[in-house]
Structures are given as structure tokens and as C-alpha cells.
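A.B. asks: Dropping a structure here in C-alpha cells format, bear with me for questions.
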Amino acid sequence: MNSSKIKEQGGKAIFAGTAGICILAVIAIFVFIILQSIPALSKIGFTDFLFGTKWNPDANDIYANDLVGKYGILNMIVGTVFSTIGALAVGGTLGYFTAVYLAFFCKGKLKKIINTMVNLLAGIPSVIYGFFAIKAVMKLFNWMSPTGNATGLFMTSLILGIMILPTVTSLTKTSLEAVPKSYYEGALALGATHEHAVFKTMVPAAKSGIKAALILGIGRALGETMAVVMVAGNSPQIPDGLFESFRTLTANIVLEMSYAGEVQMGALFSTGAVLLVFVAVINILMGFVKTGGQKTKSKKSLPLWDKITSKINFGKIGKIACFVSAVFAGIFLVSLVVYILIMGLPHITGQLLFGEFEYGGEISILPSIVATLMTILLSIVIAIPLGIATAIFLNEYTKKGSRFISIIRSAVDILSGVPSIVYGLFGAITFVVLLGGSYSILAGSLTISIMLLPTVIRSTEESLKSVPDSFREGSLALGAGKLRTIFKVVLPSAMPGIIAAVILSIGRVVSESAPFMFTMGASIKPMPDGYMSSGTTLAVALYKLSSENLHTNEAYATACILIVIVLALNLLAEWVGKKLEKKLNGETNGIRTKHKRKAS
Amino acid sequence: MKKAKKLIVALLVCVMAFATFAFAGCGEKEISVITRNEGSGTRDAFESIVKSDAGVKLGDAELKDGVLQYDSTSTVITQVSSVETAIGYVSLGSVDDTIKVLKVNGVEATAANVLNGTYKLQRPFVIMTNKTVELQDATADFIRFLKSTQAQEIVAGDYVKQEEGAVQYTSPSTALSGTVVIRGSTSVDPLMDVLIGKYKEINGNKVANVEFQKDCQGSSAGISAVKGDTAGNVIGLSSSAIKDADAPSMNYFHIALDAIAVIVNKNNELSDITISQLFDIYTGAITKFSELSSK
Amino acid sequence: MEYGQNISVKQADLYYGDFHALKNINIEIPAKKITAFIGPSGCGKSTLLKCFNRMNDLVEGCKITGEFKIGEVDIYKTNDVNALRKNVGMVFQKPNPFPMSVYDNIAYGPRTFGIKKRAQLDEIVERSLKQAAMWDELKDRLNKSALGLSGGQQQRLCIARALSISPKIILMDEPTSALDPISTGKIEELCGELKEQATIVIVTHNMQQATRISDKTGFFLLGDLVEFGDTDQIFTNPKNEKTENYITGRFG
């Protein structure tokens, strides 16, 4: 009896401990980034830094001397805000309408196809988006620009918009589908048309969920780095036209990080700190949206507005907009995939895939494949158990409304909003330093593990929540302890969600590049001989291969491979999900055949 | 509320469309000026060579607002290849047939013209080590190789060789081991790949235990890595001449010369440009290609 | 100390936060009989039932005072809730088979208490299913998911699952409220057979059901145990006026 008690208590302690690790991670990120930025901020001057409009750093500036360079990031803050608004205008609108289309106007095969496409869009590495944008999309818009060069605010908004579309769409769709069907039936019973019922009844009911989706989209747009660097133009000025070049905060970090001098480095960390403030603000906004949803809303509307809007048949227009959005997203994805495949497939060779790496010889990405696999393996081994344990603690062991829990929840939310480049900065000053100052796969894996945590925790928690309480009661009533209940009944029931989280995480590791460049290294390298070797993941290799214009074909081929992996992961996720669902609800086969024979 | 939002969105789209069409109006477009990111050796060299008629270095002048900055050669080339009004500059070794290389001051960018000094936009590839620490055996041996005639043979393949003082390299008498850390210029990176390959080929088993850790993210990163070297195994690569401020703390030599090619779109009729015109374009005094031909 | 088959409650009070849900309950539930709890919704009958295997522990802010004895054991003084629940099984209002095979559902309880041998488990599964009169129906689909069964079958499977650990007492919380009349009939029949080996306490909304199967009946109202006695007596000759009003359908 005592031993079982100890086991239960020990289990609880372990779960609580992992939850604590999440809080620690958030605190560590904030503390380290801010600590690194304080000297620079005090040297440059807080207001000069935030409100200065000149960014002209000098790599020779050190804290001991007077500053030669100029370090004002106001233009970049404005640039970030502009591009985020632009991305929201494109991605928010498209994503919203696509979601409505998927939820209410689309059935059967088509729905499945569009769903898969949206998921695919989410998984494509941002490096590929950037690559595609400057190689292909740009040509469509060059004629519009006064300089004949479409890069700048417009292109960035467009690409970022497409990149946040999946986030907005899937979250909006989820909240639309959570609206009780009875609302819809009620509206129809009152004589409303399908369109009217959708836009007047269902959509308003999902309002707070849609707002949350848009805010998450903003977070994603804000933190995007690699694609933005390729299409924004990067001059540190305030863009005064749609085709004017500008620089975002994230781009500033990735552009200058690798050669920054002492003060400049501090200024870059300060840039990271500003990004963290943005994230915090977004989280606070999110909190408002969540609590604001319950409040009674006093609807203020302008009479003129109402007059105009009542004249327009929104149902029809909305339906058309929905269709157009979904088609647009589909066309973009298909053209991206087809373009990359056409350019890359012919260049996938045995040498590229399996050849031995030789300095100066033909390119082989085998070392990158191995490095990617090593990173996936280690980060999954770290992040999945930690994430699941934290989710278990949050969902199974805690009382509602406890202070501790709300702290952990907001910690997780903040973690999920931190831009990947900031994780890169964090990894560079913690793990890289701890591991002796040189780049290593270990440092990269640790960095990405922290980044994966929120995703794993969130989706595990969601699937734990969906396990009915009656299962838990049933198990406890049979005399099973809490641990046994969790491991034997609750977790297996939540398995589809957890597997989905694992696959999602793998996709993330494959497609991220910003967190790896300053932790794992960024040169194409020989085969890693352990976790202490440096290495490049495939996405970083793609970036690197394309950058000197010497291996463009190999870059296309690598992009191809990445897309194929993303596609495969998506299909795998779908297949596993279906399989497990079936197993839980319908048939469980093959395990007890022995008994069956005996019984019959 | 939803209606209002949708209307706003629709309006926004209209405004954007209208604005773009208005912009797209007739007339000659402005030059789309492209440079590299700060910290790039290529940019550093370009800005120290390009001068105004009055002798002001581009590096000391202020670039015009909105010059596009990219952190990779390929982005510059891709942009120039798809934008008719673009101008940029890249290492001659990276040039491909999607773009057109301009003559500078009437001189074509070729190896011969770089070597005889008539092509002005040239810069050295520099190999650096820390002066204050003693180099480890493996690192010292590799440096010996880099200074050799065998290395120069490879350099001659794609770049302009730097003849002075090259001697024949001979394999070390005993096997070496250790780590050689290489940091710095992305432009020198591809050349270094080939050189390491050759070094391994010449020495075979003798250097099987020498591990090369090469990670190139920019010339300035190479300079600071060499300055911070305490173990005696860091080799820095720079794609522009070493500044006076940095010179005292390091040993360095030029392994090759490289031309910086000024590139424009293939459809651009321009074929020749002067150094001072480049200065005017990058500082904003000249905004259209037609202004060049009229001058 | 041994768990017995009779339940003895003395001066029990239960609060959910500030809400006084059970007021000074005293009741003696005899061994190997069927005892029914009746009363309008919210009267506390289910709450009292859940005290017997301490399922109320899961409810936040629940406070219990008084003495609850099962045989010799004062169940709120013991530390080992799991042993308590091994002796006091429970069947819930809605069937709640686990999302696993029929076999694993029934083997879940024995495995919890350390039985791992296949032969032994096979035997328990067969015995439990036979006791629940389901063996013939299910012997060929032991490996199929329990979620594929009909509602009535699922509920009987849950009874079989409860039987798998040979409880001395079985608590049933409105076990037939979600079922059709035929399934209900089967479960009532089953209860009659089970009382030969176990004490059964059943909460029901259906007064006919109480008269059909129970030996003893307790009537609850607003947290009070208004009347407790032989079922015949309660339904034919209630001592309390409120009981009479309720069973004659004047309120409730």
C-alpha cells in the first residue's frame, strides 16, 4: 500500500516538475535576452534605440569607447508593424474565407483536398517560400513597381499572408465547427437561407475563436524571418509605398548576427527583446479576447453603415469570396509545389542523396539528411515526454483556477509566440556557450526542443481534454490508482492527438532554419560524427546551397526533397490519425487471437 | 460588424489595386539599386573602391534611401535576372548566364585585366591567423599548403592567382591530428572547399585525423573569430583587404584576387559604366538608366 | 480489518462548498440484499451512493463528516482507497466501457491488482461474462472493441467489468436510465442473480424498478433520508407523508 502511495506521489512530482521546466524556459529566455541587451541599451540610450530612425552600426564599436555607429530601430519597428498588418490583410482575409468555405460550403473529396493543402502550406519551410517568391512570384508583380522591382512591403505582405493562412484557417475552422449545429438548424427553421444562417448565425457565434485565430496569425507574421529576408529589401527605412524596401526586426537579427561587433551584438539582442515585448503584448491581447468573449457586447453601429451594408447581399458575396479564397490558396500551393518539383526533380541524383561528402567535390546532402534525422530524434526524445508530462499535469492533476496553473498556461502561450529567430539567439548564448562555445547538433536540438514544447503541450492537452471523464471514473471505481488510470486508459484514448503532435513536431524540425543557424552551424559539412559535431539541417542546407549561386540546381533538388518530406509527414499524420481512430472506436484486431481460438 | 469588416477589407484591396495601377503608369522606371548586407566582404570592397569624381569613397558617403540589401549572392543575381531595371554587384566567380556583366571604365572583368590592374573593381581573398598565439601543427601545416604553388593551381581555376612567394608544398613527415576551425567570408567559402579537398588528397592518411570545422557567415565574423582565437587553430577568411585597425593583431596573406562584377538585367542595353556613375547610382544622384547614356 | 458486505452510516453530513448536500444521514444497509435509493433529482441519493466508494473525493470542495463503515472498516479513515474500491464496485449511469477490446475491459480490474497470467485472466473474463449473462453473446468477439457494442450490451459489460474483481458490494447509479426497456429488463434480472453473492445498492428514478427488484428502499428529499424500510412497506404503507406524496406522484 505504501509503495503504491509513493509511486502516485512520485508521479505527481515528476509531472509538476516538467511543468516547472516550462516556466523556467520562459523565464530563462526573457532573462538571458534582456541581460544581454541591457549594456547595449544603456550605452545607446533607451529612447535613442527605440525612437532613433538611423540604423548604421559599426562592427568596431565596443562598450569602452564612444559610439561611431547609429543604433535606432524605429524604422524597423514601423516596418514590422506594416508588414504584419499587410500580412493580416492578405492572410487574415484569405484564411478567414477559406475556413468558412471549408466549414460550410464544401463537402466530401474537395473538402479533404483543400484541408490537406492547407496543412501542407503550414508545413512548407519558410526558406522555400522565400526562394519561390524571388524566383517566381516576383516576376508577376515587377511591372507594378516604380523601380520595376516588386520586392518590398507588397511582396512581403503577400508571402507572409500566404504563410499565416494555414494558422488562421485551421483555427477559424475549428472554432466554426465547435458552434452547435442546433444554431444553424434554428436559423433555417426561421426561414433563413444557408448563406444567411452561416454569416449571420454561425460566424458571429464563433467570433472570439476567430479573433484568437487572427491574433495567432499576427504572432506568426511578426516572428517570420527567413522568407522575409529574401523579399523585404532590408533597407532600414520606413516604407512609404507598397513597393518600397524595408526591414523587419527579425530580419535585422539574421542579417547582422554573424558578423556583429560588441555593441552591435547587444543592439541585436535588444532587437530580440523588443520582439519579446511584442509577443507579450499579443498574449495580453489574446487574454482580452478570451475573457471579452463572455461579456455582453454593446453593439455600436453607425446608421449609415447599416444602410449601406443592408443593401448588399452578403450571403452571395461571402460565398463567392469564400470560394475565391480557397481557390487562390490552392493555386498558390499547387504552383509552388509544381515549380519546385519541375526545377528540382531532374537534379536529384544518387550523388546528391547518398554520395560521400568531399571537400570541393560534388555536393552531397547526405550529411544534412543525417544531421536532420539526428536533430529530429533528439528533440523528439526531449520535447515529447516533457510536453506530454506537462500536459498531463495541467489536465489531470490541477484544480481549475489555481494560480500556479494560470502561470504555466501563460508561460506556454508565451513560448509558442516567441519568434524562432529569438530562440536562435537564446540557443546561441546558452546552449552553445554551455557546450564549449562551438556550434553543435546538440545545441541546435536543445534549442528546437524548447521551441517544440508549446505545440506538444497544447495538442496533448487538447486531446486529454477530449477523453471523457467517465473513462477516468470507470477506472478509479475499479480500484486503479491515478497513474494507472492515466497510463492505461487516458493516454491510449488521447493517442491520436499525441501522435499528431509528434508528427507536427517532426515537420517543425524539418522546416525551421532560423533557430539552427546560430546554434548548429550553417556551412555544408562532412558527415557529423556525434551530437557534438556541427551540422546543417536540410532547410539550412537549402539556404546555404542557394546563397552563393554556385549550386542552384542542388538547392532546387533539396527543396524538392523537403517538400516531399513535408507531404509524406502530412499524409502519415492523416493515416495514423485515421488508423488510431478506427482502433479506438471500431475494431481492435489481432492481439488476443490466441484466446479467441481457445474460446471457440 | 462582420459586414463592416468585410467592406473595409474590400476597400483596402481596391485602394491597393488602384495605387499599383497608378504607379505602374507609363514612363521610364527608376533604377532598382541592390547592394549586399553590411558585413559582407564584397560590399566592403565595393564601397572602398567606388569613388565619386571628387574622390569620396562610397563607404564614407550615404547610400540613397531604399537601396535593397540582401545577405546572399544568389538573391542579388536572382533579382537582377528578373528585374529589368536592377543593378547589383557580385563576385565574378558566381556570375552565370542569367545576367549581364558590365565593363567598368571601359575594361572588361576578366582574370587578365584583374591581374594587370586595369579592372579596378577587384579585391583580395585574405587568409588570416592570430598573431599572438602559436598555431597548432595541423593548422600551421594547412596554412603552409594554402601558401603553396599547388594551392595557387587551384586558385587559377576560378579566380586570379596571387603569384608572389608561392613555394612547393610537401607532405609533413609524420601524421597530423587536431581540429582546424575556419570562419569568415561566404565568397571565399567555395574556394576553401576545393582547397581542403586538394589538401586531403595530397596528404591522404597523414591528415585523416585532422578535422575541419568550417562555418562561413561573413568576412567580419572571420576577423572576430581570429581575434578571439586562443587555441591557435582558427583560420579566418576575408573577401576584402584587411583594414589598418585590424592589421597589427594578425598574420595574413592574399591567396587570390577576385573581380567584383557589376551586373544588370540581360535586357538592359547598357554595356559600360564608370566608377563615378556607380557612385552616383548608389547615392541617388542618378535614378534612371537614361541619365547614364545622356551624360 | 475486513471489508464486509453491510454498510453502516452514522451521522453523516456532506457539503459541496457551502451547499449542505447530505444532512445527518443514518442508515444500515444489509448484506446480500438489493437496496434502492429513490427521490427527486438533487435529493442526494447519488451523492450518498458515491460516498460508499469515495468517488466524491474527486469532487472539488467536497467535505464529508460522520462514520461510514463497510463491515469493520471505517472507509474515510483508511488510506487505501484502491482497496476500498476493489471491494466496492460501481456501475455508472451511462455505460463507460474503455476504448479497448471486450477482453481488455474486463481484464483491466484484475490486472490492476497484479494478476498477469493469461490463463488466470482468461478464467476471470469467462466467469465475469457468464455472471453478467453475456458469455454466449460475446465469446466470439472478445477481441473486438467494446465501443462497438450496443448501449445495453455496453452497460452489462460494465457490470461484468465490475464483477471481475469480485466486489463485496456493487453500487449502481441509475444504471438503466439510458437504456431501452428490453435491456433494462435484462439488467434487472441480472441484479436479482447477483445479490446471491454481493450487496447491491441501486439509485433509481424509476419507482416501478425499485418495487420490482429491491428488498429495501430509502427515500431521499433535499438531502434528508426521509424514510428507509422494506420496499413493500415503503410503497404500500409509507410512514412519512412526504414519502407518500412522492410515490403517489404528487410531486417529484
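A.B. asks: Can you pull out every residue in segment B:32-78 that is in contact with a strand residue (DSSP E or B) (Cβ under 8 Å, 6 or more places away or on another chain), more than 7 Å from chain A (Cβ to nearest Cβ), in a loop (DSSP other than H, G, I, E, B) and aliphatic (A, V, I, L, M)?
C.D. replies: Residues satisfying the conditions are B:V50, B:L58, B:L63.
A.B. asks: Got a number for residues in segment A:21-47 being surrounded by 13 or more Cβ atoms within 10 Å (Cβ to Cβ), assigned to a helix (DSSP H, G or I) and either within 14 Å of another protein chain (Cβ to nearest Cβ) or over 23 Å from the mean Cα position of the chain (by Cα) (or both)?
C.D. replies: Count: 9.
A.B. asks: Report yes if C:A119 is of a type in the set (A, V, I, L, M), within 15 Å of the chain's Cα centre (by Cα), in a helix (DSSP H, G or I) and more than 9 Å from every other protein chain (Cβ to nearest Cβ), otherwise no.
C.D. replies: Details: of a type in the set (A, V, I, L, M): yes; within 15 Å of the chain's Cα centre (by Cα): no; in a helix (DSSP H, G or I): yes; more than 9 Å from every other protein chain (Cβ to nearest Cβ): yes.
So C:A119 does not fit the description; no.
A.B. asks: For the list (1) surrounded by fewer than 22 Cβ atoms within 10 Å (Cβ to Cβ); (2) in contact with a helix residue (DSSP H, G or I) (Cβ under 8 Å, 6 or more places away or on another chain); (3) free of Cβ contacts under 8 Å to residues at least 24 places away in the same chain, I need the number of the one condition that C:A178 fails.
C.D. replies: Evaluating C:A178 over (1) surrounded by fewer than 22 Cβ atoms within 10 Å (Cβ to Cβ); (2) in contact with a helix residue (DSSP H, G or I) (Cβ under 8 Å, 6 or more places away or on another chain); (3) free of Cβ contacts under 8 Å to residues at least 24 places away in the same chain leaves (3) as the failure.
A.B. asks: Separate question: Mind checking which residues of segment A:477-508 are in a loop (DSSP other than H, G, I, E, B) and crowded, with 23+ Cβ neighbours inside 10 Å?
C.D. replies: So in segment A:477-508, the residues in a loop (DSSP other than H, G, I, E, B) come out as A:478-481, A:494.
Hits for segment A:477-508 are A:L478, A:G479, A:A480, A:A494.
A.B. asks: Collect the residues in segment A:509-550 that are more than 14 Å from chain B (Cβ to nearest Cβ), in a loop (DSSP other than H, G, I, E, B) and not hydroxyl-bearing (S, T, Y), keeping them in residue-number order.
C.D. replies: Of everything in segment A:509-550, just one residue is more than 14 Å from chain B (Cβ to nearest Cβ), in a loop (DSSP other than H, G, I, E, B) and not hydroxyl-bearing (S, T, Y), namely A:E512.
A.B. asks: Within the bounds of segment B:177-194, is there any residue that is over 28 Å from B:A221 (Cβ atoms) and aliphatic (A, V, I, L, M)?
C.D. replies: To start, the set of residues in segment B:177-194 that are over 28 Å from B:A221 (Cβ atoms) comprises none.
No, because not a single residue in segment B:177-194 is over 28 Å from B:A221 (Cβ atoms) and aliphatic (A, V, I, L, M).
A.B. asks: State all residues of segment A:458-474 that are within 26 Å of C:I165 (Cβ to Cβ), more than 7 Å from every other protein chain (Cβ to nearest Cβ) and not charged (D, E, K, R); if no residue qualifies, say none.
C.D. replies: Narrowing segment A:458-474 to residues within 26 Å of C:I165 (Cβ to Cβ): A:467-474.
Adding the requirement that they be more than 7 Å from every other protein chain (Cβ to nearest Cβ) leaves A:467-469, A:472.
Hits for segment A:458-474 are A:V467, A:P468.
A.B. asks: State which residue is nearest to A:L476 (Cα to Cα) when the search covers only segment C:101-129 and only residues that are modelled with pLDDT of 90 or more and β-branched (V, I, T).
C.D. replies: Once the filter is applied, the top-ranked residue is C:I106.
A.B. asks: Restricting to segment A:429-457, count the residues that are more than 14 Å from chain B (Cβ to nearest Cβ) and touching a residue at least 12 places away in the same chain (Cβ under 8 Å). Before the answer, list the steps.
C.D. replies: Start the filter on segment A:429-457 by keeping residues that are more than 14 Å from chain B (Cβ to nearest Cβ), which leaves A:429-431, A:434, A:442, A:445-457.
Now restrict to residues that are touching a residue at least 12 places away in the same chain (Cβ under 8 Å): A:429-431, A:442, A:445-457.
Matching residues across segment A:429-457 total 17.
A.B. asks: May I pose another question? Please specify each residue of segment C:55-83 satisfying the condition of being of a type in the set (D, E) and farther than 20 Å from A:K482 by Cα. Let's see the steps before the verdict.
C.D. replies: Residues of segment C:55-83 that are of a type in the set (D, E), as a first pass: C:57, C:60, C:67, C:72, C:74, C:80.
Scanning segment C:55-83 gives C:E67, C:E72, C:D74.
A.B. asks: Quick one: would you say B:S220 is under 26 Å from B:T42 (Cα atoms) and either assigned by TED's automatic domain parsing to the domain that holds B:I273 or touching a strand residue (DSSP E or B) at 6+ places or on another chain (Cβ under 6 Å) (or both)? Working first, answer last.
C.D. replies: Details: under 26 Å from B:T42 (Cα atoms): yes; either assigned by TED's automatic domain parsing to the domain that holds B:I273 or touching a strand residue (DSSP E or B) at 6+ places or on another chain (Cβ under 6 Å) (or both): no.
In short, no.
A.B. asks: Moving on. What residue, of C:F68, C:F92, C:F98, is under 17 Å from the mean Cα position of the chain (by Cα), facing chain A (nearest Cβ under 9 Å) and at pLDDT 90 or above?
C.D. replies: Working: C:F68 fails: facing chain A (nearest Cβ under 9 Å); C:F98 fails: under 17 Å from the mean Cα position of the chain (by Cα).
One residue alone meets the criteria, C:F92.
A.B. asks: Scan segment B:188-235 residue by residue and report those that are touching a Phe, Trp or Tyr at 6+ places or on another chain (Cβ under 8 Å), farther than 26 Å from A:L550 by Cα and facing chain A (nearest Cβ under 10 Å).
C.D. replies: Within segment B:188-235, B:S224 is the sole residue that qualifies.
A.B. asks: Having 1 or more residues that are of a type in the set (D, E) is the bar; report the helices (runs of 4 or more DSSP H) wholly within segment C:164-252 that clear it.
C.D. replies: On the way: elements: C:181-194, C:207-213, C:231-236, C:241-247.
The helices (runs of 4 or more DSSP H) meeting that bar are C:181-194, C:231-236, C:241-247.
A.B. asks: Consider segment A:381-400. How many of its residues are over 28 Å from B:E211 (Cβ atoms), at pLDDT 90 or above and buried (at least 17 other Cβ atoms within 10 Å of the Cβ)? It would help to see each step written out before you state the result.
C.D. replies: Pass one, segment A:381-400, residues over 28 Å from B:E211 (Cβ atoms): A:383-400.
Imposing the further condition that a residue be at pLDDT 90 or above reduces the set to A:383-393.
This time we only want the ones that are buried (at least 17 other Cβ atoms within 10 Å of the Cβ), so: A:383-384, A:386-393.
Adding up the residues that qualify gives 10.
A.B. asks: Does B:G178 meet the test of being on the phi > 0 side of the Ramachandran plot and touching a residue at least 40 places away in the same chain (Cβ under 8 Å)?
C.D. replies: Numbers: on the phi > 0 side of the Ramachandran plot: yes; touching a residue at least 40 places away in the same chain (Cβ under 8 Å): yes.
Yes: the conditions hold for B:G178.
A.B. asks: Follow-up question, since we're still on this one. Do we have B:A151 as crowded, with 22+ Cβ neighbours inside 10 Å and either at pLDDT 90 or above or of a type in the set (F, W, Y) (or both) here?
C.D. replies: Details: crowded, with 22+ Cβ neighbours inside 10 Å: yes; either at pLDDT 90 or above or of a type in the set (F, W, Y) (or both): no.
Judged against the criteria, B:A151 is not a match.
A.B. asks: Separate question: Please give the number of the condition A:A477 fails out of (1) touching a residue at least 12 places away in the same chain (Cβ under 8 Å); (2) of a type outside the set (S, T, Y); (3) within 10 Å of chain C (Cβ to nearest Cβ); (4) farther than 30 Å from A:I561 by Cα.
C.D. replies: Of the numbered conditions (1) touching a residue at least 12 places away in the same chain (Cβ under 8 Å); (2) of a type outside the set (S, T, Y); (3) within 10 Å of chain C (Cβ to nearest Cβ); (4) farther than 30 Å from A:I561 by Cα, the odd one out for A:A477 is (1).
A.B. asks: Looking at C:I187, C:I234, C:I169, can you tell me which residue is buried (at least 21 other Cβ atoms within 10 Å of the Cβ), out of contact with any Gly (no Cβ under 6 Å at 6 or more places or on another chain) and either closer than 23 Å to C:Y3 by Cα or of a type in the set (K, R) (or both)? Step through it out loud before you land on a result.
C.D. replies: Details: C:I187 fails: either closer than 23 Å to C:Y3 by Cα or of a type in the set (K, R) (or both); C:I234 fails: either closer than 23 Å to C:Y3 by Cα or of a type in the set (K, R) (or both).
Going through C:I187, C:I234, C:I169 in turn, the sole match is C:I169.
A.B. asks: Mind checking which residues of segment B:82-115 are among the hydroxyl-bearing types (S, T, Y) and either out of contact with any Ser or Thr (no Cβ under 9 Å at 6 or more places or on another chain) or assigned to a loop (DSSP other than H, G, I, E, B) (or both)? Reasoning before the result, please.
C.D. replies: The initial filter retains those residues of segment B:82-115 that are among the hydroxyl-bearing types (S, T, Y), namely B:82, B:85, B:89, B:91, B:94, B:98, B:110.
Those that are among the hydroxyl-bearing types (S, T, Y) and either out of contact with any Ser or Thr (no Cβ under 9 Å at 6 or more places or on another chain) or assigned to a loop (DSSP other than H, G, I, E, B) (or both): B:T85, B:T98, B:T110.
A.B. asks: Give me the residue from segment B:156-187 that is among the aliphatic types (A, V, I, L, M) and more than 9 Å from chain A (Cβ to nearest Cβ) and, out of that set, nearest to A:A541 (Cα to Cα).
C.D. replies: Within segment B:156-187, the first condition is being among the aliphatic types (A, V, I, L, M), and the residues that meet it are B:156, B:160, B:166-167, B:175-176, B:180-182.
Filter once more, keeping what is more than 9 Å from chain A (Cβ to nearest Cβ): B:156, B:160, B:166-167, B:175-176, B:180.
Working: B:A156: 27, B:V160: 28, B:A166: 34, B:V167: 36, B:A175: 32, B:L176: 30, B:V180: 21 Å.
The extreme case among them is B:V180.
A.B. asks: Tell me, please, whether a residue that is over 27 Å from the mean Cα position of the chain (by Cα) and either modelled with pLDDT of 90 or more or surrounded by 20 or more Cβ atoms within 10 Å (Cβ to Cβ) (or both) can be found in segment A:354-365. Write out each step before concluding.
C.D. replies: First, pick out the residues of segment A:354-365 that are over 27 Å from the mean Cα position of the chain (by Cα): A:354-364.
Keeping just the survivors that are either modelled with pLDDT of 90 or more or surrounded by 20 or more Cβ atoms within 10 Å (Cβ to Cβ) (or both) gives A:363-364.
Yes.
A.B. asks: Test of understanding: among B:A261, B:A221, B:A208, which residue is touching a residue at least 24 places away in the same chain (Cβ under 8 Å) and surrounded by fewer than 19 Cβ atoms within 10 Å (Cβ to Cβ)?
C.D. replies: Numbers: B:A261 fails: surrounded by fewer than 19 Cβ atoms within 10 Å (Cβ to Cβ); B:A221 fails: surrounded by fewer than 19 Cβ atoms within 10 Å (Cβ to Cβ).
Sole residue among the options that is touching a residue at least 24 places away in the same chain (Cβ under 8 Å) and surrounded by fewer than 19 Cβ atoms within 10 Å (Cβ to Cβ): B:A208.
A.B. asks: What single numbered condition from (1) touching a residue at least 12 places away in the same chain (Cβ under 8 Å); (2) farther than 21 Å from C:I7 by Cβ fails to hold for C:A162?
C.D. replies: Only one criterion is unmet by C:A162, namely (2).
For every residue, the table says whether it meets (1) more than 9 Å from every other protein chain (Cβ to nearest Cβ); (2) over 22 Å from A:L41 (Cα atoms); (3) assigned to a loop (DSSP other than H, G, I, E, B).
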| residue | (1), (2), (3) |
| --- | --- |
| A:L188 | yes, yes, no |
| A:K211 | yes, yes, no |
| A:R220 | yes, yes, no |
| A:V228 | yes, yes, no |
| A:P236 | no, no, yes |
| A:P239 | no, yes, yes |
| A:F243 | no, yes, yes |
| A:T250 | yes, no, no |
| A:V263 | yes, no, no |
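The values are calculated or read from the model by the stated rules, or taken from the named source; none is laboratory data. The structure presented is a predicted model; accordingly, all values stated were derived computationally and were not measured. Ideal geometry is used to build each Cβ from the backbone, glycine not excepted, and the neighbour counts take in all protein chains shown.
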